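Structure, as structure tokens:
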Amino acid sequence: MAPQAEQMQIVVASSCYCFASVGMLLFNKFAVQDFPLECCLVWAQLFFAASCLSLFAFPYIHIGSTRDLFRWCMVVPFYCGMLLTSILALKTAPMSLVIVLRNSSPLGTLLIERFYPEPLRISGFMLGSIGLMIAGGVMYVTQLPAENWQGIGWVFLNSIIAVVDRLLQRLLLSKEQCPVDISKTGITLINNMVGLLPVGIAAYAKGEIDKLPLVYGTLSHWDKFYIGMTCIIGLTISYTSIWAQSLISATSFLVMINANKFVIIGIEAFGMHSKALNHIQVLGASLTVLGGVLYGKSRQWIEQEAEERNTLLPSK
């Protein structure tokens, strides 16, 4: 693929994922408030995506070998865990807290990517941007109301699972690492179809299946709309995350999805009066996201330098 065409593909894939991730965060927040069966909500999202792909995208599903299928199945528990812990975090914590703590994820990916076959170089500017993220996070958390601390454990767990999920996906998707021979549609189908089993078991173990008829009967039309939107956007985000992750590094991917959350901070600070943020929290959250943006720029500069260096080296 020509460099210009590849750059355009990165822009389109990243933009689609950013819009979908913001929408998913918002609609999950709305849905879980009146539909408190987290496992059932995630199961519905997985079932909708798997059904749509099976019915309408079957010709585009390619799985090279059974070995590739089993290799990718390593990702599924972390994919499902990331979805479920995100719902649990949003149930008790403000969206801005989820964003702020998730912004620490590039630090974890950066450390683990050092053991990849093709590790990424570290610069002083990159470490400075990480320091800005951490400083902003500390400013935000110190102003956190007591009732929101119960959700902080789920947010930390979600961030850890997200790091492992993105690193595994990067390892199995990137042409420079150890890629699997599976189409993007096939990967999306595996994530959602195989994920139905563990999430279904979790729903049964928590007793949510017995509560489902009663809870569903209390839902308003708006509640059903929010749940439906999480299913539609969930299908979109499942595909676009694979698409974007196959084009950029795991660290750059995490920075990208964190940096686009300025809009969420604005909505929660000025549009959602139930979770009003004070000025220090807004400043801390903004510094954290700004650090993510600067981190992304530092990664871009390093990758460009590496490409230029490779073009100057004599071919063997």
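Here residue 49 passes the criteria (1) open to solvent by less than 40 Å² (accessible area, probe 1.4 Å); (2) under 14 Å from residue 158 (Cα atoms) except the one numbered (2).
Tell me, please, whether a residue that is under 20 Å from the mean Cα position of the chain (by Cα) and modelled with pLDDT of 75 or more can be found in region 252-267. Within region 252-267, none of the residues are under 20 Å from the mean Cα position of the chain (by Cα) and modelled with pLDDT of 75 or more. How many residues are over 14 Å from the mean Cα position of the chain (by Cα), within 26 Å of residue 201 (Cβ to Cβ) and either open to solvent by less than 50 Å² (accessible area, probe 1.4 Å) or among the basic types (Lys, Arg) (or both) when one looks only at region 7-35? Qualifying residue count, region 7-35: 5.
Checking each residue in region 37-53 for being aliphatic (A, V, I, L, M) and within 19 Å of residue 85 (Cβ to Cβ) picks out 37, 41, 42, 44, 46, 49. Considering region 172-186, and only residues there that are out of contact with any His (no Cβ under 6 Å at 6 or more places or on another chain) and modelled with pLDDT of 80 or more, the residue that is farthest from residue 49 (Cα to Cα) turns out to be 179.
Scanning region 188-211 for residues that are open to solvent by 90 Å² or more (accessible area, probe 1.4 Å) and either within 22 Å of residue 27 (Cβ to Cβ) or outside any helix (DSSP H, G or I) (or both) yields 206, 211.
Are there any pairs with C-beta distances below 9 angstrom linking a residue in region 212-228 that is part of a helix (DSSP H, G or I) to a residue that is open to solvent by less than 60 Å² (accessible area, probe 1.4 Å) and among the acidic types (Asp, Glu), with the two at least 6 apart or on different chains, and if so which? What qualifies is 215/208.
Listed by position, the helices (runs of 4 or more DSSP H) contained in region 69-167 that have at least 2 residues being open to solvent by 60 Å² or more (accessible area, probe 1.4 Å) and modelled with pLDDT under 80 are 105-112, 124-142.
The values are calculated or read from the model by the stated rules, or taken from the named source; none is laboratory data. The structure displayed is predicted, hence computed values, not measured ones. FYI the Cβ positions are ideal-geometry reconstructions off the backbone, even for glycines, and counts take in every protein chain you see. With ligands, DNA and RNA removed, areas are computed over all heavy atoms of the protein, side chains included. Shrake-Rupley method; radii C 1.70, N 1.55, O 1.52, S 1.80 Å.
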